Amino acid sequence: MKIEKLEQIYEGKAKKIYSTNNENEVIIYYKDDATAFNNIKKGQILNKGILNARITTIIFEYLMKNGIKTHLIKNISQREQLCERVTIIPLEVIVRNILAGSTAKLFTMEEGLKLDTPIFEICYKKDELKDPMINDSHAIALKLATREELDTIYRETSKINELLKNLFGGIGINLVDFKIEFGKDKDGNIVLADEISPDSCRLWDEKTDEKMDKDRFRRDLGNVEEAYIEVLKRLESTVLV
Ligand code: UDP
């Protein structure tokens, strides 16, 4: 059956979702729009949509090869992916291998501290509340996820962290932290959804500590597009060999 793109069903800050002629599949379109600090800073990063669609696809395909279930079916154009339709679990799951960003601020600690064991955090995905950090009992009591679902999410997140550390470690990049989201498919399986890209990860060059992620936009460091291009170039070099 030929895929037909039908109406837009959702527009987020960086992506749009369209229904298709298959009720179990959606098309995700990656925009160039960039936001930071809960939508206070707004802008565009040239070609970001193309770069993040490609980067996310490479990373999701690598994770799938290594046993992680995701919503991704395939890339269908430079900016579009065909994905399984899932109901997003309203949690942002954050993993930290090196201290940076909001948690460094929370504990008034310097960015850059290498952690012996990763920190796992969950945030309630709700823009009006500025995505507050919550704990498991909040998530369960607010019926965002069950205990069993949280166990699955943490287990998969931990595997994803190990796989991503290996992937980025092989291309001279330190995986400082990242945010992922999960969805539930039509059979109730929990699968990795959304994106994994320099928008959702902190990536520091192993040799120079140079930032290769959205902090270049958040902190006005310049050369944002160039950093995303470099991440893609290194990922392409590793998946091709
Ligand atoms: N992150 C994200 N979306 C969010 C919040 C965080 O992708 O809405 C990512 C962010 O890019 C970083 C990690 O999650 O890689 C941890 O972010 P942090 O809590 O330090 O918040 P920030 O400093 O970005 O406000």
Residue by residue through the range 62-76, what is 3J(HN,Hα) from phi via Karplus (6.51 cos²θ - 1.76 cosθ + 1.60, θ = phi - 60°)? Round to whole Hz and write x for glycine and proline. 5, 5, 5, 4, 9, x, 8, 7, 10, 7, 6, 9, 6, 6, 10
Which value in Å does the Kirkwood hydrodynamic radius of the range 154-241 take, with 1/r averaged over all unlike C-alpha pairs and then inverted? 14.0 Å
Suppose R0 equals 25 Å. What FRET efficiency, 1/(1 + (r/R0)^6) with r the Cβ-Cβ distance, do I229 and M64 give to the nearest 0.05? 0.55
Of K65/K233; K105/K233; K42/K159, which sit over 25 Å apart, Cα to Cα? K105/K233; K42/K159
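For the chain, what is the relative contact order in percent, using Cα pairs closer than 8 Å and at least 6 residues apart in sequence? Spell out each step's value before the answer.
Values: 441 pairs, mean separation 43.0, N = 241.
Computed value for the chain: 18 percent relative contact order.
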R0 of 30 Å, Cβ-Cβ distance K186-S77: FRET efficiency to nearest 0.05: 0.75
Collect residues whose amide H, placed 1.01 Å from N in the peptide plane, falls under 5 Å from the amide H of D32; neighbours closer than 5 in sequence don't count. G49
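Please compute the length gained on full extension between N38 and K2, using 0.36 nm multiplied by the number of residues separating them and subtracting their Cα-Cα distance.
That pair, N38 and K2, stretches by 9.1 nm at full extension.
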Relative contact order for the range 1-140: what is it in percent, counting Cα pairs under 8 Å that are at least 6 residues apart? 15 percent
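Using the number of other C-beta atoms within 10 angstrom as an exposure proxy, rank E156, E210 with the fewest first.
The most exposed by this proxy come first: E210, E156.
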Once Rh is set to the Kirkwood radius over Cα pairs, what Stokes-Einstein translational diffusion coefficient, in µm²/s, holds for the range 1-107 at a temperature of 10 °C and a viscosity of 1.306 mPa s? 101 µm²/s
Per residue of the range 118-127, in order, report the coupling 6.51 cos²θ - 1.76 cosθ + 1.60 (Karplus, θ = phi - 60°) as ³J(HN,Hα) in whole Hz, putting x for Gly and Pro. x, 9, 10, 10, 10, 10, 7, 7, 8, 3
As a test of the formula, what do you get for the chain when each DSSP H run with n ≥ 4 contributes -39,500 (n - 2.57) and the sum is divided by the residue count, at 222 nm and rounded to the nearest 500 deg cm²/dmol? -9500 deg cm²/dmol
Binned at 10 Å from 0, what are the whole-percent values of the Cα-Cα distance distribution for the chain, short to long? 7, 31, 40, 19, 2, 0
Cβ-based exposure ranking for Y10, Y228, in which fewest neighbours within 10 Å come first: Y10, Y228
Using the Karplus equation 6.51 cos²θ - 1.76 cosθ + 1.60 (θ = phi - 60°), what ³J(HN,Hα) coupling, rounded to whole Hz, does each residue of the range 16-23 give in order, writing x for Gly and Pro? 10, 10, 10, 7, 10, 6, 10, 5
Roughly speaking, what is the centre-to-centre gap between the range 184-221 and the range 80-154 when only Cα atoms are used, to the nearest Å? 13 Å
With r as the distance between the Cβ atoms of N21 and F120 and R0 = 45 Å, compute the FRET efficiency 1/(1 + (r/R0)^6) and round to 0.05. 0.70
In what order do E149, E206 fall by count of nearby beta-carbon atoms within 10 Å, going from fewest to most? E206, E149
Any residue on another chain or 5+ positions along whose placed amide H is under 5 Å from the amide H of I73 is listed here as L82, C83, E84
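Read-outs: derived from the displayed coordinates by stated rules, not from any lab. Just so it is clear, the structure is predicted and the values come from calculations on it, not from any experiment. Note: ideal-geometry Cβ built from the backbone for every residue, glycine included; neighbour counts use all protein chains shown.
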